[in-house]
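The values are calculated or read from the model by the stated rules, or taken from the named source; none is laboratory data. The shown structure was predicted, so the numbers you read here are calculated from the model rather than taken from an experiment. Cβ atoms come from the backbone with ideal geometry, glycine included; neighbour counts cover every protein chain shown. Ligands, DNA and RNA are stripped out before the accessible areas are found, and what is left, the full protein with its side chains, is counted by its heavy atoms. Shrake-Rupley method; radii C 1.70, N 1.55, O 1.52, S 1.80 Å.
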Protein chains: 2
Amino acid sequence: MSIFSKTCEYALRAVFYIASKTVDGSRVGIREIAKNVDSPEHFLGKILQDLSRKGIIDSAKGPNGGFFLTRQALKRPISDIVSAVDGDNIFTGCGMGLTYCSEINPCPLHHEFKKIRNRITKMLTGTTIGQFNKDLLLGKILLKKP
Amino acid sequence: MSIFSKTCEYALRAVFYIASKTVDGSRVGIREIAKNVDSPEHFLGKILQDLSRKGIIDSAKGPNGGFFLTRQALKRPISDIVSAVDGDNIFTGCGMGLTYCSEINPCPLHHEFKKIRNRITKMLTGTTIGQFNKDLLLGKILLKKP
DNA sequence: TTAATAAAAGACATTTTTGTCTTTATTTTA
DNA sequence: TAAAATAAAGACAAAAATGTCTTTTATTAA
């Protein structure tokens, strides 16, 4: 198990890639994205389609079309991507899978998990989609094997 | 997505239950366990079988048989359960699914994730299987819906 | 030594996740 | 207007996770 589903990992990598390539109105094609974040092209296509429907990224068909991000979209937190793809369980769910787990009826791990969840939430809501663009372009940071 | 697989959630709940019921050599049957941690009996059976093979819990066949824990087993960290069931990805894996992600070739989330992973590791290695027994018996803490 | 009890094991069945391939719709540009 | 480019959509396929049912094996106790 990882923290995010594979789908979500692909989504994060792809959106970071699109972000770093989004310069004044330019778009990136799915083939290029898939190649650069090392993910299956058609599967990624559906994921991005979905994110596009949900308004997290934008797309345009036809020649010079592709996926891109608006200036506002670059400022959005990556928690938007995570909850669009994986839902909110990571932010609010019980570590032991108990739907009734709460402050009043806690599971054994509740109190410790709360802290960890809060930490994760803070991290995901506190970092924006666009904030890694520079480092990505400089190669200080990677989206696939070097 | 949750942090642990469903299998692991069942495992944690079941082992906590067995722990709380383990008093001087007594054993707990799978039916009772399944009922009290709200999980499918046969499926849980296989999970516990596996944990037993791996030496995390003990079992005995025949009348008065069932699952139980030794005194040493009660002192073991719950990270043992987690890595037996879900593997070590949660402790060491990259948040974005990059196998090559490391200090030298970090993914965008690497540095922040490292902190979170360390926190999770600390929590799981720092809490023992038996440490909730009292609170479980007092009903201060739950393993299924109240 | 037989019957009862309980875990272990095996064989499937279902659901969810992940992945592929083909066709369609939209847009641009020549 | 026609051809080319590109995302969108649809229909499957494969793999993994989850769940169920049946049979076997070991143990106990009468």
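Only one of these conditions is not met by residue B:38: (1) within 10 Å of DNA strand C (Cβ to nearest atom); (2) at pLDDT 95 or above. Which number is it?
(1)
Give the range B:37-79 a look and list any residue that's under 18 Å from residue B:8 (Cα atoms), out of contact with any strand residue (DSSP E or B) (no Cβ under 9 Å at 6 or more places or on another chain) and open to solvent by 50 Å² or more (accessible area, probe 1.4 Å), or say none.
Result: B:38, B:40, B:41, B:42, B:43, B:46, B:53, B:54.
Looking at (1) assigned to a loop (DSSP other than H, G, I, E, B); (2) over 28 Å from residue A:4 (Cα atoms), which one does residue B:4 not meet, given that it meets all the others?
For residue B:4, the exception is condition (2).
In the set B:115, B:134, B:140, which member is open to solvent by 40 Å² or more (accessible area, probe 1.4 Å) and outside any helix (DSSP H, G or I)? Don't jump to the end; show me each part of the working.
Working: B:115 fails: outside any helix (DSSP H, G or I); B:134 fails: outside any helix (DSSP H, G or I).
Just one listed residue meets the conditions, B:140.
Got a sec? Which helices (runs of 4 or more DSSP H) wholly within the range B:13-105 have at least 1 residues that are away from chain A (no Cβ under 14 Å) and β-branched (Val, Ile, Thr)?
Ranges flagged: B:30-37.
Of the numbered conditions (1) more than 12 Å from DNA strand D (Cβ to nearest atom); (2) closer than 20 Å to residue A:90 by Cβ, residue B:24 fails exactly one; give the number of that condition.
For residue B:24, the exception is condition (2).
Every residue in the range A:4-27 that is more than 22 Å from residue A:70 (Cα to Cα), in contact (Cβ under 8 Å) with a residue 24 or more places away in the chain and open to solvent by 10 Å² or more (accessible area, probe 1.4 Å), please.
A:5, A:7
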